[in-house]
1. With labels modelled as points extended 7 Å from the Cα through the Cβ direction, what inter-label distance (nm, one decimal) is found for Thr147 paired with Glu117?
2. State the percent of C-alpha pairs, over all pairs in the stretch 232-352, separated by a distance greater than 19 angstrom.
3. So what is the 222 nm mean residue ellipticity for the chain from helices alone, if each DSSP H run of at least 4 adds -39500 (n - 2.57) and you divide by all residues, rounding to the nearest 500 deg cm²/dmol?
4. Which one, Pro377, Pro35, Pro338, has the greatest fluctuation when you compute a Gaussian network model over the chain with C-alpha springs under 10 angstrom?
5. Taking trypsin sites (Lys or Arg not before Pro) that fall in a DSSP loop and have at most 14 other Cβ atoms within 10 Å as cut points, what is the longest piece of the chain between them?
6. If the elastic network links every pair of Cα atoms under 10 Å, which of Asp334, Asp36, Asp283 fluctuates the most in the Gaussian network model of the chain?
7. Assuming R0 = 30 Å, can you tell me the calculated FRET efficiency for the pair Lys271 and Asp296, based on Cβ-Cβ distance, to the nearest 0.05?
8. How long is the gain from Asn327 to Ala34 if the chain were fully straight, where each residue apart is worth 0.36 nm and the alpha carbon distance is subtracted?
Amino acid sequence: MGSDETPGADPIETTGAEHRTERWSAAGLWDPEAPDAQVRGALLDYLESLGANVERMARAEAEGELVALGLDMLLEDGGLTVEQLATRMGVPVHEVVAAYRLVGVEVNDPAAPMFEEAEIDFVALLTSTAGTFPDAATREILRALSTALSGLSAAAISAFVGSVEDDLAGAGDPVAQARVTREAGLMGLDLAGGLRPLLRHHLRQGVRRQREGTHRSGDRLTIVTAVGFVDLVGYTARTTDMDPEDLIGFIGSFRERTHEIVLAGGGQVVKHIGDEIMFSAVDLAGVCRIALALLDGFDEIDTTPRGGVAAGRVVARHGDLYGPVVNLASRLADIAVPGEVLAPAERVTSAVEPDAGAEDLVFVPAGRRQLKGFDRPVAVVTVERPC
């Protein structure tokens, strides 16, 4: 675990215990006659040991976040203001503010010491990136970084609040809650610091997928790949009366299982959209197998899955896939009946029949369907396994 030091923290005051409790009482933080006076005093002692002074604790108390103050200090106190950071870098303040805005960080108070020494290297890296890539490419990369970090932060916070924090709050030990909350923040920052090896693996896999798709398309702006959508029919009816705890459990189970099934099938999760998952695979046979596996993986009562798949040339940008092939797969999923996976008959004939490895798939003609946004009906097949 990383260091628990807090750069830029308020100075610890070292007066005697009696004067300390008098200051707490004067600020409305502590009542010696209250039943929880001893526990409350232990919490205030802990926060002062981190560098919080009475004024800061009083502000946190007024906001109802005294127990979380240790975490807030960890995340808010970096030691450098934006002006100091810009001066150290030798660049205008507005350039630093603009760079951080691109990665989703707003600098609302120029006097706030929200930046760390390590961010000097980050700003230098941003400058280097801007000099290496065209402006549009730099912005795309930084927006993708912003989206990824925002999603990671939101997932970590909601997971902690919905499980660990709830249990801690119910235990009635504010000191333990404050310590664990801060330690969770430290662990998160340590994890982020160790992401380089994981990013290397994901870059390796992503480069391979991109190269395979580009080689098939013969065009650097597009790739040839297969796309699938699977959603849960009956999701709305089943979840309407769920309490938040049950809904969180249901959604968590859905996302976990879809992730496992797609990766086990050699595919990639593109994104989740409510009760729907969008995924991709190298070829149509692969995406068909994943879609059928997803149907098998969600056979609960009142939540029968259905899906649509297609393959062809797509645009891969911003961590997503775009183009008519994606629209086709999505529309096929919309019209499939529960328990069915639909594919375009024309694409199946051209993409799957020559594949000697598709003997485990059967494509049953299912007529012609009028899809939203398409001028003419599309001939489709139902994807099944051999009996």
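Coordinate-derived values only; no laboratory data. Owing to the predicted nature of the structure, the values given are computational and were not obtained by experimental measurement. Using ideal geometry, Cβ is built from the backbone for each residue, glycine included, and neighbour counts are taken over all protein chains shown.
1. The two pseudo-label positions are separated by 3.6 nm.
2. Working: 3331 of 7260 pairs.
I get 46 percent for the Cα pairs in the stretch 232-352 exceeding 19 Å.
3. Here the helix-only value at 222 nm equals -16500 deg cm²/dmol.
4. Between Pro377, Pro35, Pro338, it is Pro35 that shows the largest mean-square fluctuation.
5. On the way: sites that count: Arg220, Lys372.
Counting at most 14 other Cβ atoms within 10 Å as exposed, the longest clean stretch of the chain is 1-219.
6. For the chain, modelled as a Gaussian network with Cα springs under 10 Å, the answer is Asp36.
7. Between Lys271 and Asp296 the formula returns 0.85.
8. 99.1 nm
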